[in-house]
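Single-structure report; data block below.
The values are calculated or read from the model by the stated rules, or taken from the named source; none is laboratory data. Source: prediction; values computed, not measured. Every residue, glycine among them, receives a Cβ derived from its backbone with ideal geometry; neighbour counts consider all protein chains shown. To get the accessible areas, we keep the full protein, side chains included, count just its heavy atoms, and leave off ligands, DNA and RNA. Shrake-Rupley method; radii C 1.70, N 1.55, O 1.52, S 1.80 Å.
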Amino acid sequence: MAGPGLHCRVAAAFATCLIVACSSPEERVANHIERARELAAAGTDDAAILEYRSALKIDADQAAANEEIGELLLGQGDLSGTFYLSEALRLQPERIDLAMRLARVLLITSQIDEAAIVIEAAKAAHPDAGVVYGAESEMLLYRNDAEAALVAAKKAVELDPEDSELRMQLGRAFQGRMRTDEITRQPVDRELRRAAIEAFEKADELAGGSVRARVERARMIGQRVQSQEAAERAFTEAVELAVEQDRPELRYLAASAAESFAIKSGRHAFRIWALREMI
């Protein structure tokens, strides 16, 4: 004969099943998403992804779930995450930040034509947004069209002169023009180098200190034989800023760039210093 404990457990299980059965699709979706976020915050990404998938099986048009599962998948190196970011953007076409995030991922993963489509749509919807022209400039560099990339970068800075990242893109566009001259064996225009350095300096200023901007500035300075000592100082400043900001990954980036410069320029003592900073 069953005891009262068994009856209680059966009753509790029945009540749970009844609650699940009676909950609306919206409630089930919300529960899956809430659980997914908790799991992601705890670092259990695989379990979070399963919860997001469960939510999307009920309602595929959940913008937040699409965006969040997309980011988790991309964080694991799974490029199917771009599909979910695309879905999130389809559901929220006004999200220029999401469009630019998707475009960057597509560029990094060599899906250049797909990135161009996203950027063109964003430009049509937001013709006065500097960030869109910045993304277009980067896309054009991937297509080896340095001249058009420079035009787009200048337009981006014109629209938003106080954006540090757009100044960085302008500097990269000047670098692209310099590489074009080198490839075609044309004399590198000194004004291009000067303009690139100024763009990186402005990016550093606007950011209140940018390690990446300082590294690129140092690289530009180091290209001139007569500026080797100045380049050393510039690389050192980049490493020191990374230390000050407590950014070990940027410290390694800056020190690694410094070591590459030291190898090319034959500055052995500086290379030893850079290696120590990398460690």
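Some observations on this one:
- Selection of region 143-170 for residues being among the hydrophobic types (A, V, I, L, M, F, W, C) and open to solvent by 50 Å² or more (accessible area, probe 1.4 Å) yields V151, L159.
- Checking each residue in region 83-121 for being modelled with pLDDT of 95 or more and of a type in the set (S, T, Y) picks out Y84, S86.
- Here is the figure for region 46-74: residues that are over 15 Å from A30 (Cα atoms) and open to solvent by 50 Å² or more (accessible area, probe 1.4 Å) total 2.
- Contacts under 7 angstrom Cβ, first residue in region 242-255 being among the hydrophobic types (A, V, I, L, M, F, W, C), partner open to solvent by 60 Å² or more (accessible area, probe 1.4 Å), 6 or more apart: A242/R251; V243/R251
- Filtered residues of region 219-234 (kept if surrounded by fewer than 23 Cβ atoms within 10 Å (Cβ to Cβ), more than 25 Å from the chain's Cα centre (by Cα) and not hydroxyl-bearing (S, T, Y)): I221, Q223, R224, V225, Q226, Q228, E229, A230, E232, R233
- Annotation: of all residues in region 176-200 being aliphatic (A, V, I, L, M) and assigned to a helix (DSSP H, G or I), the one that is most open to solvent (accessible area, probe 1.4 Å) is I183.
- Taking region 240-255 as the range and being part of a helix (DSSP H, G or I) and not small (G, A, S) as the test, the residues that pass are E240, L241, V243, E244, P248, E249, L250, R251, Y252, L253.
- The residues listed here are A129, A173, A124, A203; of these, the one that is surrounded by 18 or more Cβ atoms within 10 Å (Cβ to Cβ) and either closer than 25 Å to E67 by Cβ or at pLDDT below 95 (or both) is A129.
- Residue match in region 39-50 (condition: under 14 Å from A65 (Cα atoms), among the β-branched types (V, I, T), modelled with pLDDT under 95 and touching a helix residue (DSSP H, G or I) at 6+ places or on another chain (Cβ under 8 Å)): no
- Selection of region 75-104 for residues being open to solvent by 10 Å² or more (accessible area, probe 1.4 Å), under 15 Å from the mean Cα position of the chain (by Cα), of a type in the set (A, V, I, L, M, F, W, C) and more than 22 Å from V151 (Cα to Cα) yields only L79.
- Residues (loosely packed, with under 14 Cβ neighbours inside 10 Å and assigned to a helix (DSSP H, G or I)) located in region 35-45: E38, A41
- Here E237 meets each of (1) modelled with pLDDT of 95 or more; (2) in a helix (DSSP H, G or I); (3) over 13 Å from E216 (Cα atoms); (4) open to solvent by 40 Å² or more (accessible area, probe 1.4 Å) with one exception, condition (3).
- Residue check, V157 touching a residue at least 24 places away in the same chain (Cβ under 8 Å), part of a helix (DSSP H, G or I) and within 24 Å of K123 (Cβ to Cβ): yes
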